[in-house]
Amino acid sequence: MTVSLIHEAALWDAGFDAVAGIDEVGRGALAGPVSVGVAVVTRCESWPDGLTDSKLLSAARREALLEPLGSFGVGRAVGHATAAEIDEVGIVAALRLAARRALDAIPVAVDAVLLDGTHDWLTPPPADLFSDHADEWDAPPVTMIVKGDRACASIAAASVLAKVERDALMAVAHEEHPEYGWDSNKGYGAASHLEALREHGPSPLHRVSWKLPFRAS
């Protein structure tokens, strides 16, 4: 599957000028933030060479895309929600919180969203239990795109931006907590990470509301 602007163009043709591709990184990790990338595009016909789902790219290739992505579209940002916030409000509300932070950092109004996946976690439910974090907010209209990070240039751009920024945060966190191997596993449940949890217990950056291995007695 090759990325394109087909889905973006459909929204432009429908009257939506600024379309945001949105993707998340870190949803399934045991430690560190969940990060949401946003890339906003107005009508255009091209995208950076080699752009695709961040998971299909090497770290070096993702880094190399940062410069061309800097001039792709009209706005781009990454928002984060911490492990403590995930523990407090749950992963779905934390995703929404991170997305709002990214959208608030973009200096253009977003008219519509292309969101990767099958579940619209961006639009607040009618009665949000986590009103302290997802208060009254009218999300732009959302279109879900299955495997959108491989189909939509804007979503692919968002995935690369979020992946690079979150990986950098985990590399810094590794310096403070090297026993968990976050420089390689980025907070996900690799065997070495699970073994470190059994030996050392959780750090302040772990999602302690999740089912983590117990420290060995």
Out of A10, A18, A39, I need the residue that is aliphatic (A, V, I, L, M), within 17 Å of the chain's Cα centre (by Cα) and on the phi < 0 side of the Ramachandran plot. Which one? A39
Checking the conditions here, which among I91, I106 is of a type in the set (A, V, I, L, M), out of contact with any helix residue (DSSP H, G or I) (no Cβ under 7 Å at 6 or more places or on another chain), open to solvent by less than 50 Å² (accessible area, probe 1.4 Å) and farther than 29 Å from W210 by Cβ? I106
Output the residues belonging to the range 157-172 that are open to solvent by 10 Å² or more (accessible area, probe 1.4 Å) and either touching a residue at least 24 places away in the same chain (Cβ under 8 Å) or within 14 Å of the chain's Cα centre (by Cα) (or both). L161, K163, V164, E165, D167, A168, L169
Against the definition (surrounded by fewer than 20 Cβ atoms within 10 Å (Cβ to Cβ) and among the charged types (D, E, K, R)), how does D183 come out, yes or no? yes
Restricting the range 34-46 to residues that are over 18 Å from V108 (Cβ atoms) and in contact with a helix residue (DSSP H, G or I) (Cβ under 8 Å, 6 or more places away or on another chain), the residue that is surrounded by the most Cβ atoms within 10 Å (Cβ to Cβ): S35
Extreme residue, least open to solvent (accessible area, probe 1.4 Å), among residues of the range 202-217 that are farther than 16 Å from A84 by Cα and not hydrophobic (A, V, I, L, M, F, W, C): P213
What are the residues in the range 69-88 that are closer than 15 Å to V160 by Cα and open to solvent by 50 Å² or more (accessible area, probe 1.4 Å), if any? S71, R76
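The values are calculated or read from the model by the stated rules, or taken from the named source; none is laboratory data. Not measured: the values here are computed from a predicted model. Quick reminder, even Gly has a Cβ in these numbers, built from the backbone with ideal geometry, and neighbours come from all protein chains shown. Ligands, DNA and RNA are stripped out before the accessible areas are found, and what is left, the full protein with its side chains, is counted by its heavy atoms. Shrake-Rupley method; radii C 1.70, N 1.55, O 1.52, S 1.80 Å.
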